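Accompanying notes for the structure given below.
The values are calculated or read from the model by the stated rules, or taken from the named source; none is laboratory data. None of the values given here were measured: they were computed from a predicted structure. Here the Cβ positions follow ideal geometry from the backbone for every residue, glycine too, while neighbour counts run over all protein chains shown.
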Amino acid sequence: MRARTTRRVSLTRWEMNIRMESTRPTSARSARGRLIAAASLATAAFAVLALPGLASAGSFSSKAMRASQIRKLSRQAPKRDTLSPAARRIQRRGYLVPNEAAYQRQKARADRRAAARHALTQPAAPFGPRAPSTIRAFAGINDTFFAPPDETSAVGTGRYIQLVNADFAIYNKTGNTPISTGTLNSMVGAGSNDFVFDPQIIWDPTTNRFYYAADDEVSPTNHVLLWGWSKTATPTSAADWCKYGINSGSTLADFPKLGDSQHFGIIGTNLFNSVGSFVGSNILAFKKPPSGTSCPSPQEANKAIPTSAFTPTPANEIDTNGTGWVVARGRPTPATKLFLFKVTRNASGNPVINTTPTSVTVPSYNVPANAPQQGSVNRIDTSDARNTQAVAANDPGHSGKFALWTQHTVSGGAGAEVRWYELDVANHSVIQKGKATNTSLFEFNGAIAPNRRVNGTTKSGGNAMVMNFNTSSSAAKPGIRMVSKIGGGAQSGQVAVKSSPGQLSGFDCDATSHLCRWGDYAAVTPDPSTANQMWNVSQFAVGSGSGTGGGATSRTWHFVVQP
């Protein structure tokens with residue numbers, strides 16, 4: 001486990017060593033963030049040789065590993081305290097983008113446009129019709145030594161699990177206090193000195209297990225994409241998981257997104273070399289386990305996808321479906337397409353990853369402006385219009401179509417709005433779409449899911465959705481809101497979930513630019529045991545003013561709602 005004693009440092013040393021993305025504040029090694037190292041475009045992919053005959057289909061060249069092999073790699077890794085140029089850049093930037101200079105220019109233009117619009121807007125209008133209602137809410141786990149939290153969660157038949165940067169918590173569904181907590185390192189089987197970040201967690205009704213994914217930086221020349229699953233439907237500790245990983249060498253697979261199909265878990269990533277240059281995106285599929293509590297040998301394949309697509313985001317499939325679906329944002333922006341990739345199974349039972357996508361035309365989108373905060377010069381980073389999660393399920397309100405729901409934060413409203421889509425994947429078209437937008441509030445960091453319940457042969461819902469998101473403006477501190485849409489009815493008015501008592505103002509915020517990291521994502525998942533209940537996690541702030549030092553000032557919040 002990650003030794004808690006390493007966190008007993010003076011604030012001065014901490015503030016000297018922290019970074020803007022999930023930093024552990026003790027030493028150069030601990031202060032390292034998402035470290036990346038050199039790789040050519042030709043080798044920009046993961047190592048996969050676990051299944052005979054699959055290496056040629058994939059792009060990576062070394063073997064998948066069990067947790068014991070990952071820990072051995074950690075002990076033997078050279079230069080574990082060395083910061084690469086990309087790592088130093090990530091200390092300032094956080095998530096990586098294909099063209100940093102162009103992205104900064106886009107953000108600056110979006111900020112200027114938003115400032116001009118904001119000067120002409122009136123105070124926010126009162127809430128519209130209140131459709132979604134909160135059944136229960138409680139505080140999530142937090143680690144003030146790490147920022148942003150990268151909060152995510154999933155609900156199963158007996159457990160609710162939250163992951164944040166550095167830590168995990170397992171809850172009984174009936175309780176607000178975790179039955180087990182610990183470090184991400186212990187849960188995923190990484191070495192105690194490894195840097196594990198960008199966690200993902202989903203529930204799979206088909207195998208009745210939880211699945212996870214995360215990044216593990218072992219050294220500048222050893223980056224491991226992690227995944228695994230719970231041995232049962234009701235894990236109680238870090239020991240109750242099967243744990244695997246693939247060493248991508250000096251290539252960093254950034255921003256892993258996790259989904260699944262009937263047969264495979266699916267992970268999408270963006271690939272960057274040591275200087276932070278974008279070298280492509282990748283889709284990896286691993287075989288789901290058979291019934292039982294043993295941990296079989298890993299079996300997987302992966303492929304690079306066209307560079308016109310960015311941030312491949314697999315859908316967590318609620319209904320059992322033999323085809324997995326991955327949605328990706330277009331690049332460069334502005335763009336008018338979303339791309340769909342599919343993952344199928346061949347006669348040998350191995351994954352087949354399609355690298356020629358179909359496209360879905362959507363309204364033009366571009367990167368959003370960063371969000372101001374009331375009472376602070378610090379602004380919140382609203383990201384770069386990438387999709388951050390997707391959920392797929394049958395929709396009885398649209399002839400039972402298998403539909404993919406997704407969202408992203410784009411330019412609009414006061415400067416940032418969250419657009420959502422329900423996509424007909426078979427016909428690569430839009431079933432319906434909408435947005436959370438406000439002329440005087442910046443709205444960002446969304447998560448969406450349908451209310452589809454699948455628990456064995458018990459199935460219900462699927463024609464309603466809930467979407468949570470964050471808000472902020474020069475006249476309002478950060479907050480959490482939600483909207484819903486039921487059947488053919490109109491989207492509901494925005495419902496306040498949680499207001500922040502303060503601003504984001506700790507080491508979460510850069511002292512020079514006064515730009516603060518947020519997210520990088522949130523979550524909402526339908527309850528497989530209780531009809532029409534949706535479990536959410538998002539983020540709020542507890543800081544004060546315009547500070548840029550001290551502990552992280554983000555906090556996480558859980559809320560169970562009905563559409």
- Query: Which numbered condition trips up Leu515, out of (1) in contact with a Ser or Thr (Cβ under 9 Å, 6 or more places away or on another chain); (2) within 22 Å of Pro368 (Cα to Cα); (3) among the hydrophobic types (A, V, I, L, M, F, W, C)?
  - Reply: (1)
- Item | Tally of residues being of a type in the set (Gly, Ala, Ser), at pLDDT 95 or above, touching a strand residue (DSSP E or B) at 6+ places or on another chain (Cβ under 9 Å) and surrounded by fewer than 21 Cβ atoms within 10 Å (Cβ to Cβ) across region 236-284 | 2
- Note down all Cβ pairs under 7 Å where the first residue falls in region 185-210 and is without any contact (Cβ under 8 Å) to a residue 24 or more places away in the chain and within 21 Å of Met65 (Cα to Cα), the second is in a loop (DSSP other than H, G, I, E, B) and not small (Gly, Ala, Ser), and they're at least six residues apart or on different chains. none
- Of all residues in region 493-514 being touching a Pro at 6+ places or on another chain (Cβ under 6 Å) and of a type outside the set (A, V, I, L, M), which is surrounded by the fewest Cβ atoms within 10 Å (Cβ to Cβ)? Gly493
- Query: When you scan region 418-486 for strands (runs of 3 or more DSSP E) that lie fully inside it, which ones turn up with 2 or more residues that are surrounded by fewer than 18 Cβ atoms within 10 Å (Cβ to Cβ)?
  - Reply: 429-436, 458-460
- Query: Is there a residue being β-branched (Val, Ile, Thr), touching a Phe, Trp or Tyr at 6+ places or on another chain (Cβ under 8 Å) and over 23 Å from Ala447 (Cβ atoms) anywhere in region 375-398?
  - Reply: no
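Quick check, is Gly461 in contact with a strand residue (DSSP E or B) (Cβ under 8 Å, 6 or more places away or on another chain), in contact (Cβ under 8 Å) with a residue 40 or more places away in the chain and closer than 30 Å to Gln374 by Cα?
Numbers: in contact with a strand residue (DSSP E or B) (Cβ under 8 Å, 6 or more places away or on another chain): yes; in contact (Cβ under 8 Å) with a residue 40 or more places away in the chain: yes; closer than 30 Å to Gln374 by Cα: no.
No, not satisfied.
How many residues, within region 364-396, are surrounded by fewer than 19 Cβ atoms within 10 Å (Cβ to Cβ) and out of contact with any Ser or Thr (no Cβ under 7 Å at 6 or more places or on another chain)?
Narrowing region 364-396 to residues surrounded by fewer than 19 Cβ atoms within 10 Å (Cβ to Cβ): 364, 366, 374-375, 377, 396.
Still in the running and out of contact with any Ser or Thr (no Cβ under 7 Å at 6 or more places or on another chain): 375, 396.
Adding up the residues that qualify gives 2.
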- Note on the structure: The condition from (1) within 24 Å of Asp204 (Cβ to Cβ); (2) of a type in the set (Ser, Thr, Tyr); (3) surrounded by fewer than 22 Cβ atoms within 10 Å (Cβ to Cβ) that Thr358 misses is numbered (1)
- Inside region 344-382, can you point out the residues that are of a type in the set (Lys, Arg) and either in contact with a helix residue (DSSP H, G or I) (Cβ under 8 Å, 6 or more places away or on another chain) or farther than 19 Å from Ser261 by Cα (or both)? Arg379
- Message: Out of the strands (runs of 3 or more DSSP E) lying entirely within region 355-416, which hold 3 or more residues that are closer than 30 Å to Gly543 by Cβ?
- Response: 371-373, 376-380, 387-395, 401-410
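Would you mind listing the strands (runs of 3 or more DSSP E) fully within region 269-347 where at least 3 residues are within 18 Å of Thr406 (Cα to Cα) and touching a residue at least 24 places away in the same chain (Cβ under 8 Å)? First the steps, then the outcome.
Values: elements: 278-287, 300-305, 309-314, 324-330, 335-345.
Qualifying strands (runs of 3 or more DSSP E): 309-314, 324-330, 335-345.
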- Of all residues in region 197-224 being under 14 Å from the mean Cα position of the chain (by Cα) and aliphatic (A, V, I, L, M), which is nearest to Asp527 (Cα to Cα)? Ile202
- Determine if region 390-397 includes at least one residue that is in contact (Cβ under 8 Å) with a residue 24 or more places away in the chain and in contact with a helix residue (DSSP H, G or I) (Cβ under 8 Å, 6 or more places away or on another chain). no
- Message: Just the residues that are at positive phi and either charged (D, E, K, R) or in contact with a helix residue (DSSP H, G or I) (Cβ under 9 Å, 6 or more places away or on another chain) (or both), please, taken from region 484-530.
- Response: Gly487
- Message: I'm trying to understand the selection: among the residues of region 320-347, which are over 19 Å from Ser429 (Cβ atoms), out of contact with any Gly (no Cβ under 8 Å at 6 or more places or on another chain) and not aliphatic (A, V, I, L, M)?
- Response: Thr320, Gly322, Arg331, Pro332, Thr333, Pro334, Asn346
- For region 122-233, which strands (runs of 3 or more DSSP E) that fit wholly inside it have 3 or more residues that are within 26 Å of Ser484 (Cβ to Cβ)? 133-139, 152-155, 159-164, 195-204
